[in-house]
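Below: one structure, written as C-alpha cells.
The values are calculated or read from the model by the stated rules, or taken from the named source; none is laboratory data. A quick note: this is a predicted structure, and the numbers were derived from the prediction, not measured. Don't worry about glycine lacking a Cβ; one is built from the backbone with ideal geometry, like all the others, and counts go over all protein chains shown. The protein model used for the area step is the full one, side chains on, heavy atoms only, and it has no ligands, DNA or RNA in it. Shrake-Rupley method; radii C 1.70, N 1.55, O 1.52, S 1.80 Å.
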Amino acid sequence: MPPNDSCDDHYVAGAHGTVAEQTDEAYYDDRSDADDDMEKGRIKFPQNKLYGRDRELETLRNIFYQGLSSEETQDGSVVEMPEQASRVVFLSGYSGVGKSALVKEFVKQVQAQQKMNKSSSESVLHFSGKYSEQSSAAAPFSAISDLFSQMTHALSRKKSDKEGNELQSKILNDIGSSGLLAANADGDRVLRGTFPVLAALLDASRPNDSNNKSEEGGGGAPSMNAVKESVHELLSIISGPLKRPLILFLDDLQWADAPSLDLLSFLLSTEAQMKNVMFICAYRSNEVGQDHPFASIMDNVKESMKDDVQLVETVDLFSLSQDVITQFIADSIGKEEEVEEVTELAEVVYQKTMGNIFCVVQAMEELVRKNALYYDMMCFEWRWAVSKVELSTTISDDVVETVKGKIKELSSEIQYMLIVMAYVPNTLEVPVLTELMKRNSVSLDESRVAELLKKATEEALLMYSAESDNYIFIHDRIREASRGSIADEDKDDLLLHLSLVLQQLAKGPATEWCLFVAVDLLNSLPSEKTNCNDLARLNMRVSVIARNRGIVEKQNELLHDGLQCLMSSGKLWEDYNLTLSLLNDVIPCDRELGCFDEATAAIDEVLANGKTLDDKFIANVNQFMVKCDSSRDYGTAIEDGIKILNMYGYKIPLKPTKADVVKEEMKAKMALKNRPYSCLAEIPVKDDPIFQLFAHVCECAIFQSHERLLTVLLKRLIRRVIDDGMGKEF
C-alpha cells in the first residue's frame, strides 16, 4: 500500500520526513492550519525538480528518440533508423551523485512527451533492477529478477485504455505462440526455473485450457546458453510491437554477480542483435577499475559498435557545482529570492559534501538535528547563529555516521524494522517483513508494519516503489547505516533468527530466494554459533537450486562454503555420509569449472577416507577426467581409464586382440536380442558418472587410433545401457 504522497518521483525528501510542498511561510505560523508541532521547523526539500542535469537529460532524450525507426521526435523532426536498433547507455558516477534520480526524471519526461502525442496513447514501458552490496546473499540474477517482477506486474494486469489492452494482448499472444516460450517448450521451462517471478506472465500468455498448462520441473539444469536464448526471445517479443524503445535500467552493476554480467554481456553484444531496447547500465565509477568484469563488458560493447557510435553513449555524472548547491539550499529553506543570504551556509555544506546531492541533504538534516540550523517561529524563517567554523565542525565527515545518528532518534520499532530490512537484499512484502520482525517480545501485525513503513518513508529513509509495489531504501548508504545500527553483541542472534524464519518462508520456486539469503546469513556467522552439519546440508540444498537454475558458479561457491563449515569446526568426516555426499558434489563441480587443484584436493580426501570402493567411485572417475582434461596425455589417460573400469568389474583388455573384439560383439548381439541399435534410443536417460568415464576413454581411443579398443568399449557399453539405462553423454 503506497504512502499518501507517492515518493516514487521524489528526488530529495524532507528532513524528518516532511514531503508536503512548501508554498509559503504560513505553514510554520502558529496561526495557520498547521497545528501539529512536529511538522514545524522541518526542511521542505524541493520535489519533482532535478538540479544541474539539463545536459545529461538532453543526452538521454536524444539517444532515446534516435531509437525510433520513423517517428516525430520531441523537436518535431523525423529520425530514420534501420530496424529500430537498440541503444546502450553506460551511466557512471560516485555514490549519491544522482544516477537513479537522473533516470527517473528522464523516464518522466519521455512519458510526458508521449502523452502529448496525438497519434498514439501507448505508454513508454520501463523496468528497472538494482544490485545490492549484499548480492552474494541474493539469488543469482537478483536485479534482473526484480526487473522481470516489474515486467510481470505491468503486463499481467488489465489495462484501462484500449490501445494498452491491444498491445498487452499482442505481447501475451506472441509469448504463447513462440516456439521457444510456448507451454512446456524448452524456453518456458528455463525461464520458470531461472526466474520464478516470470511464472505469472508466462501463465497469462496461455489459453485457458488444461492442454496448455506448463508442467513444473523437468528438463534438468539449463545451460547458460539456454538462459541467454530464452531471455533474448522474451525481450524481443516484448520490445517488438512497441512504438517507443523498451527502457531497461540496471543500477549498481559494480555489485552484479557473474551470471548477471554474463547474461548482460550477451544482450548488449552485436551477436544478440536486440531491437528497440534502450539499456541504461549504471555503476559507481570509483568501484569499477580496469580489472572489473563490467569494465571489459563496456570495452567490448564500445569496440563492437565503434563503426556506429550513435548506438552507445557514455554519460559521466559529476558532483553538482557550488552555485547549483547554493540554489538548492536556498530553495529548501525558503530563500529562493534571497540566494545571496545562504552563500555562507552553502559554502560550508559544499566544502563538506563536494556537491554530492545525497550528502548535501544528510548534512542539512544533521544541522537541523543539532540545532545549528533552526526555524525561527517568531520571524518565520530559517536561521543559523553560528560561525562558518562551527557549522563545519557540526557536520560529520562520514555520511553513514550521519544517517546512523538520524536513525537512532527514531522509535525502537522503526529502528528494528530498518535493521531487519537492511540484512535482506530483496525487496520485502509487508507479510514477509511482518514475519521477520516477530521475535521475542516483538510481535507486530501487518497493519502496524505498514504504518512503520510509511513513517520511515516520511523520514526520507525509505521510498515506495510503484513498479515493485514495495518499500525500498532510498540509498545504499541508508541501508549501510541501518546495518550498523545494531549492537555487535545482538547481531549474531538477529541473523540466526532471520535465517530460521527465511527457511520457514521458503515454500516453492517463488520464495527460493529466502534460502539463498538464509544460507548466506548463516555462512557469515562464527562456526560456534551454528550447527555445522545442518549448515552444510543447507548449503548443499541451495546449491542444487543454483544448479537447476544453470548457475554452476553459485553452486560451487555454496558447496565450498559447506565444506569450509565442516573443516573449520573440525567436524569433517564426523558424519561420514554427509561429508562423502558433500565432497562427491564438490569434485565434479570443481572439475567442470576447471578448478583442477581444488578438485584434486577433494578427490584425495575421499580416496584417503572412503570406506568402500563404491564410496570412492566418483573420486576415481573424476581423478581420471581431471588428468585427461589438464594434461591431454591420451596414452596415459587410456591406461588410467581402463584401470578404473576394471576396478569396477568391466574387464576391458588394455590391448584387445581380434578374439576379444569378436567376443564382445557376440555378447552385445545377444543382449540386443536381434533388435536394431535404434532401440537404444528408447531407453531412459540417467545421470551416471560411469558414462562420463566411458566417453572420455572412447575419446582418447579415437585420438590414439585404437580401433579395437574403441570397438570393445562401445560393445561393452551397449550391454551396460541395456542393463542399467542410457547415459546423457551418449
Report summary line: With a Förster distance of 56 angstrom and the Cβ-Cβ distance between Glu271 and Leu496, calculated FRET efficiency to the nearest 0.05 equals 0.75
Report task. Compute the long axis of helix 343-353 from its Cα atoms, compare it with the longest principal axis of the Cα atoms of the chain, and write down the angle in degrees, 0 to 90, nearest 10. Result -> 10 degrees
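What number, in nm² with one decimal, is the all-direction average of the projected area of the convex hull of the alpha-carbon atoms of segment 653-730?
On the way: hull surface 20.2 nm².
The directionally averaged projection comes out at 5.0 nm².
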Query raised in the report: How far, in degrees from 0 to 90, does helix 513-523 lean away from the longest principal axis of the Cα atoms of the chain, to the nearest 10?
Result: 90 degrees
Report summary line: quick shape note, the chain: Cα extents on principal axes in Å, largest first -> 110, 64, 49
Query - Rounded to the nearest 10 Å², the accessible area of Lys611 at probe 1.4 Å - result: 150 Å²
Requested in this report: Compute log10 of I(q)/I(0) for segment 560-651 with the Debye formula, placing one identical point scatterer on every Cα and leaving out solvent, at q = 0.12, 0.13, 0.18, 0.19 Å⁻¹, to two decimals.
Outcome: -0.38, -0.44, -0.80, -0.87
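For Asp397, what charge total do you get from the other residues with a beta carbon under 13 Å from its beta carbon, if Lys and Arg give +1 and Asp and Glu give -1?
Details: positive: Lys352; negative: Glu366, Asp398, Glu401.
Charge balance in the 13 Å sphere: -2.
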Report summary line: The answer for segment 541-609, accessible area per residue at 1.4 Å probe in Å², is 42 Å²
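Tell me the carbon and sulfur percent of the accessible area for the chain, rounded to whole percent, probe radius 1.4 Å.
Details: 15680 of 33150 Å².
Its accessible area is 47 percent carbon and sulfur atoms.
Over all directions, how big on average is the projection of the convex hull of the alpha-carbon atoms in segment 237-339, in square nanometres? Mind dumping the intermediate values first?
Details: hull surface 40.4 nm².
Across all orientations, segment 237-339 yields a mean hull projection of 10.1 nm².
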Query raised in the report: How large is the helix-only mean residue ellipticity at 222 nm for the chain, computed as the sum of -39500 (n - 2.57) over DSSP H runs with n ≥ 4, divided by its residue count, in deg cm²/dmol to the nearest 500?
Result: -16500 deg cm²/dmol
Query - Viscosity 1.306 mPa s, temperature 10 °C, Stokes-Einstein D of segment 678-723 from Kirkwood C-alpha radius, µm²/s - result: 140 µm²/s
Query raised in the report: Can you work out the base-10 log of I(q)/I(0) for segment 311-451 at q = 0.13 1/Å, using the Debye formula on its C-alpha atoms alone?
Result: -0.75
Report summary line: With label points set 7 Å from each Cα along the Cα-to-Cβ direction at Ser630 and Ser581, the distance between them in nm comes to 2.8 nm
Query raised in the report: Kirkwood Rh over Cα pairs of segment 300-349 into Stokes-Einstein at 4 °C, 1.567 mPa s: D in µm²/s?
Result: 95 µm²/s
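What's the local net charge at Leu234, with K and R +1, D and E -1, over the other residues with C-beta under 12 Å away? Please report the intermediate quantities before stating the final value.
Details: positive: Arg192, Lys228; negative: Asp174, Asp188, Glu229, Glu233.
Result for the local shell: -2.
Can you work out the accessible area per residue across segment 643-730, with the rest of the protein chains kept in place, probe 1.4 Å, in square angstrom?
Details: 5290 Å² over 88 residues.
Result: 60 Å² per residue.
Evaluate segment 525-564: find the radius of gyration of its Cα atoms, find its Kirkwood radius, and give the ratio Rg to Rh. If you can, show how the numbers build up before the last one.
Working: Rg = 10.4 Å, Rh = 10.1 Å.
With Rh from the inverse mean 1/r over Cα pairs, Rg/Rh is 1.03.
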Requested in this report: With a 1.4 Å probe and every protein chain left in place, work out the accessible area per residue of segment 236-389 in Å², rounded to a whole number.
Outcome: 41 Å²
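Report D for segment 415-498 in µm² per second (integer): Stokes-Einstein, Kirkwood Rh on Cα pairs, 10 °C, 1.306 mPa s. If you can, show how the numbers build up before the last one.
Values: Rh = 13.0 Å.
Result for D is 122 µm²/s.
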Requested in this report: Calculate the spin-label point distance for Lys663 paired with Ser705, positioning each point 7 Å from the Cα along the beta-carbon direction, and give it in nanometres.
Outcome: 2.7 nm
Report task. Starting from the exponent 0.38 and prefactor 2.2 Å, build the expected Rg for segment 447-585 from its residue count and divide its actual Cα Rg by it. Result -> 1.25
Query - Angle in degrees between helix 357-369 and the longest Cα principal axis of the chain, rounded to the nearest 10 - result: 50 degrees
Report task. Describe numerically, in nm with one decimal, the distance between label points set 7 Å from Cα along Cα→Cβ at Lys686 and at Gln504. Result -> 4.0 nm
**Report entry** Per-selection Rg to Rh, segment 340-415 - Cα, Kirkwood hydrodynamic radius
**Finding:** 0.99
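Of all DSSP beta bridges located in the chain, what percent are antiparallel, nearest 5? Before the final figure, lay out each step's value.
Details: 13 of 37 bridges.
About 35 percent, rounded to the nearest 5.
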